[in-house]
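Undergrad: Handing you a structure now.
Nothing in this text is a laboratory measurement; each read-out follows from the coordinates by a stated rule. These numbers come from a predicted model, not from an experiment.
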Amino acid sequence: MRANGSRECAPDAGTILFKLLAPKGRLWIGNGVRNLAAGIVLLPFAFTLSGVRGTPG
């Protein structure tokens, strides 16, 4: 435990990847590339779930 009583959590995958793939140049460019990559990775899930309907109304 930390001095203030909170527990320290293990780093998640996003933190580890951010440290490994930290932008070397400008922050905006690195952030834009990272967001674009995340959007491309999520596209298959978006197309798969686009046909799923909610509760019948």
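Undergrad: Subtract the Cα-Cα distance of residue 28 and residue 48 from 0.36 nm times their separation in residues, and report this length gain in nm to one decimal.
TA: Between residue 28 and residue 48, full extension yields 4.1 nm more.
Undergrad: What list of ³J(HN,Hα) values in whole Hz, one per residue of region 42-48 in order, does the Karplus curve 6.51 cos²θ - 1.76 cosθ + 1.60 (θ = phi - 60°) give from phi, with Gly and Pro shown as x?
TA: Couplings: 7, 4, x, 5, 5, 5, 5 Hz.
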